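Reviewing the structure listed below.
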Amino acid sequence: MVRVKSRYLLCEINVSERNRLLLLDDRAITSAVKEAVARIHGDYGAALCSIRFSVKYLNTHTGMVFLRFPKRFYRLLWSALPFITSIETRGQKIPCFLNCLHIGGTIRTCQKFLVRYNTRQLQRMLPNCDNEGERKQIRKAILSCSLIQGAFEENPESEDDEQ
């Protein structure tokens with residue numbers, strides 16, 4: 001038996017107004033991607049998009065989306081992403097662009113990359129904090145998404161006392 005191989009593209013949807021992300025759904029993203037591939041690669045690209053292309057995951061709060069495409073043709077999809085300038089949903093046109101962050105062979109590798117990416121983003125935010133309350137909130141967010149617990153703990157002795 002032969003395994004069907006796919007590639008998963010982890011993309012970030014960038015919009016000017018964050019509250020417009022809540023209007024998006026997977027069907028709107030699917031149609032926008034299919035239109036872009038058909039516009040750039042013609043009938044050949046449109047035919048390939050009809051075979052096993054799907055939006056596997058969409059988080060409207062963070063703007064992260066996983067796109068699945070056949071392994072042999074994922075570069076076709078990847079090359080068409082910069083030409084998506086807006087997504088039409090619910091009668092509204094939302095100006096946006098898709099930033100491809102990672103290409104993986106499985107959803108799990110994309111999830112692991114996303115955890116590392118979010119941790120790095122939070123660590124970049126840490127020096128820009130104004131007060132100690134913000135720093136504690138960011139440290140708590142880093143600990144909640146990191147795989148290694150205790151990386152930013154201030155009092156490692158307090159952990160030993162609790163156990």
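The values are calculated or read from the model by the stated rules, or taken from the named source; none is laboratory data. Because the structure is predicted, anything quoted here is derived from the model rather than measured. Glycine also receives a Cβ, built like all others from the backbone with ideal geometry; neighbour counts cover every protein chain displayed.
Data for the structure
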{"item": "Qualifying residue in region 81-96 (condition: touching a residue at least 24 places away in the same chain (Cβ under 8 Å) and in a helix (DSSP H, G or I))", "result": "yes"}
{"item": "Selection status of Arg124, touching a Cys at 6+ places or on another chain (Cβ under 6 Å), modelled with pLDDT under 85 and either among the small types (Gly, Ala, Ser) or not assigned by TED's automatic domain parsing to the domain that holds Ala28 (or both)", "result": "no"}
{"item": "Any hit, region 121-133, residues being under 12 Å from Tyr8 (Cα atoms) and surrounded by 13 or more Cβ atoms within 10 Å (Cβ to Cβ)", "result": "no"}
{"item": "Lone qualifier among Thr60, Thr106 - being among the hydroxyl-bearing types (Ser, Thr, Tyr) and either touching a residue at least 60 places away in the same chain (Cβ under 8 Å) or outside the structural domain of Leu21 (by TED's automatic domain parsing) (or both)", "result": "Thr106"}
{"item": "Test: Leu67 is modelled with pLDDT of 90 or more and in contact with a Cys (Cβ under 8 Å, 6 or more places away or on another chain)", "result": "yes"}
{"item": "Given (1) over 22 Å from Arg3 (Cβ atoms); (2) at pLDDT 90 or above; (3) of a type in the set (A, V, I, L, M), number of the condition Ala47 does not satisfy", "result": "(2)"}
{"item": "Condition met for Lys136 (over 17 Å from Gly63 (Cβ atoms), modelled with pLDDT under 80 and not assigned by TED's automatic domain parsing to the domain that holds Glu12)", "result": "no"}
{"item": "In region 18-70, the residues that are more than 24 Å from Thr106 (Cα to Cα) and of a type in the set (Asp, Glu)", "result": "Glu35, Asp43"}
{"item": "Any hit, region 24-42, residues being of a type in the set (Gly, Ala, Ser) and touching a helix residue (DSSP H, G or I) at 6+ places or on another chain (Cβ under 9 Å)", "result": "yes"}
